[in-house]
Amino acid sequence: MSEFDDAGEMPEPEERAVVSAGDYLNKITGERVERECRERLKSGCRELVLDFAKTEIVNSIGVSILLGVIDSAQGTGTKVVFSGVNGQTAELFDMLGVTRHVEVA
Amino acid sequence: MIADKNKLIHAFGALAELGQEITVRASFPETMRTSLHLISGSLGIMRGGIAKYSRYAHEMNLVAARGLGDEFPLAMSLCEEDERQFLTNGIYPIDVDQARVLPYFQVYSNSFDRRNLKLFVPLIVRDEMVGALFLGEKATGDAYTSYDKDVICAMGRHIGVAISQRNLLEEVQRRADENRKLFDELHLTYTDTVKAFAAAIDCKDKYTEGHSVRVGKYTEIIATELGWTPDETEGAAVAGYLHDVGKLTVDRRIINAPYRINAKESAELNKHPGVGYEILLPIRHPFTDVPLAAKYHHERLDGRGYPDGLYDKDIPYIAKIVNLADSFDAMTTDRPYRHRRPADEVIDDLKRNSGKQFAPELVSALLKAMFSELTGEASEKRFRRLLGREYMEAENLVPMLKTALNGTAPKPVTVLSADQLTVN
């Protein structure tokens, strides 16, 4: 079994929450990711890890949703970490300035 | 160079998706939310919003927002100068910092500054302002380039069209609602006029007071029993209400004669179907052949009726219904020269004349409606209201009706629907 379960989360200390971005971060997946991230932020986590290990493609809506999550996290002073980002997605995030606001692990 | 190419591909993908979203999506709020995501995601914009502009209220209402916070105004007013400037500017991003001179930016500067909004894009479609985009800073921290602004313009045009389509749809819906209300009012006026006419016709004959109204109601009952649609049934009722309109021109002494009228008087009275037809013909009735019902409601299946002595299939169906309703009322109400006939006699008369004067399936429909009311199958007490409780509680009425219905059932039944009648 992988480190993360199907729901994209694993038991973590309260300070750190992990959310999986799924295989294709588009509107449908993005809304789920956004919902989960907001729940974690609301519950007061200090570090939000978005796991891209399974993510092959991120489209414009996905980027917009991630920026929304980052904006919210900045509002609560929560650190956002992107993990497992593939080359193509990393290039996209760099080009659009997303990586300026997060730590890439 | 490669970075530029990738940017272009990414923006192009978003633009294509936006075009699809706008043409396919049915829900306007959802379309706006997705449009905002696409524009933000294509250029990496931290936050923003889309507003729909009402040129009547001079007000912009937020229809989609990302990261603008609860304090951002949901509705913003524009003065004429703002609107004029935005229309002159066209669909091109305005740098908020450089537009502080406009009243709009002075009024809402706090809201813009609080959320670090950098660009305001008026959405103009066919020289009309339909909305606006509010865009925050780019995630890169860089200023917007002319390339970015061109992408925003291209996407803004799509969003403007979507808002314009929405406005048109709302306008069409508003007008459709208005038309519906007008139609309902006209319909009410029409039915009130018909009922007023029926009352006027009945006033002429003191012995048959309420006759036209009752015939209208019996006609309605028969049409309902035949399974006609509400519109068709209402049309049939109107035909019943107005069937005797020609009597308005007949001498009152003939109509009110307390004896059986002579041949000359009878000839005078018998003109009323033709006169009624002439009166009703120029009126554009929304329903079935109302004038034909008036003209032929004294025709009989066996050709012994008047004015034209038509046979069965030549008689308009609506006239056959009115004929039955008219005869049924004549039999069940007092006349100057006789009392109303008891139920058993009426049923017997209807049975005997079924196929001669009356269409058998119509007799069945009338008796079935009566039977259903007496057995409780039909909850509405229509016959009781028209004939009176005492009449409907006549001894053995239910078995009589049952027998009559059994007797009429084996006959070939050809139920014609109102489709077979001309609808104006």
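Below is a table of values for the structure above.
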read-out: Relative exposure of B:Tyr241, B:Tyr311, B:Tyr317, B:Tyr259, judged by other C-beta atoms within 10 Å (fewest first); value: B:Tyr259, B:Tyr311, B:Tyr317, B:Tyr241
read-out: Per-residue Cβ neighbour rank within 10 angstrom, fewest leading, B:Thr140, B:Thr233, B:Thr403; value: B:Thr403, B:Thr140, B:Thr233
read-out: Relative contact order, percent, chain A [alpha-carbon distance under 8 Å, six or more residues apart]; value: 25 percent
read-out: Cα centroid separation, region B:78-134 to region B:249-305 (Å); value: 73 Å
read-out: Rg/Rh ratio calculated on Cα atoms of the protein assembly as shown (Kirkwood radius); value: 1.31
read-out: Greater than 23 Å apart at Cα, pairs in B:Lys7/B:Lys118; B:Lys295/B:Lys368; B:Lys195/B:Lys351; B:Lys195/B:Lys320; value: B:Lys295/B:Lys368; B:Lys195/B:Lys351
read-out: Backbone N within region A:70-105 under 18 Å of label point (7 Å from B:Ser111 Cα along the Cβ vector); value: none
read-out: Reciprocal of mean inverse Cα separation for chain B (Kirkwood radius, Å); value: 27.3 Å
read-out: Ranked list, fewest to most other Cβ atoms within 10 Å of each Cβ, for A:Cys37, B:Cys79; value: B:Cys79, A:Cys37
read-out: Reach of A:Lys42 by Cα under 14 Å, taken over aspartates and glutamates that are not fewer than 8 positions away in the same chain; value: A:Glu14, A:Glu15, A:Glu34, A:Asp71
read-out: For region A:16-104, convex hull volume per residue from C-alpha positions, Å³; value: 72 Å³
read-out: Residue mean of other protein chain beta carbons inside 10 Å, A:87-100; value: 4
read-out: Estimated dipole of chain B in Debye, rounded to 20 [Cβ of Lys and Arg +1, of Asp and Glu -1, Cα centre]; value: 700 debye
read-out: Tensor-based shape of region B:2-173 (alpha-carbon gyration tensor, a/c under 1.5 rounded, otherwise prolate or oblate); value: oblate
read-out: Estimated [θ] at 222 nm from DSSP helical runs (n ≥ 4, -39500 (n - 2.57)) normalised by residues in chain A, nearest 500; value: -13500 deg cm²/dmol
read-out: Size-normalised alpha-carbon gyration radius of region B:161-216, reference 2.2 N^0.38 Å; value: 2.06
read-out: Centre separation in Å (Cα based) which lies between region A:30-61 and region B:142-167; value: 28 Å
read-out: Shielding by partners, peptide B:33-44 (average Cβ within 10 angstrom, other chains); value: 6
read-out: Among A:Val98, B:Ile124, A:Ile65 - extreme Cα towards positive end, dipole of the protein assembly as shown, charges at beta-carbon; value: B:Ile124
read-out: Whether region B:70-156 is rounded, prolate or oblate, judged on the alpha carbon gyration tensor where a/c under 1.5 counts as rounded; value: oblate
read-out: Rel. contact order, % - alpha carbon contacts under 8 angstrom, at least six apart, chain B; value: 10 percent
read-out: Label-point separation, B:Thr375 to B:Lys402 (7 Å along Cα→Cβ), nm; value: 0.8 nm
read-out: Entries in A:Lys79/B:Lys138; B:Lys247/B:Lys381; B:Lys247/B:Lys313 that, when Cα-Cα distance is taken, lie over 22 Å; value: B:Lys247/B:Lys381; B:Lys247/B:Lys313
read-out: Efficiency of FRET from Cβ geometry, B:His187 and B:Ser146, R₀ 60 Å, rounded to 0.05; value: 0.50
read-out: Helix-only CD estimate at 222 nm, as mean residue ellipticity for chain B, using -39500 (n - 2.57) per DSSP H run (n ≥ 4); value: -17500 deg cm²/dmol
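Readers should treat all values here as calculations from the given coordinates under stated rules, not as data from a laboratory. These numbers come from a predicted model, not from an experiment. Backbone-built Cβ (ideal geometry, glycine too); neighbour counts: all protein chains shown.
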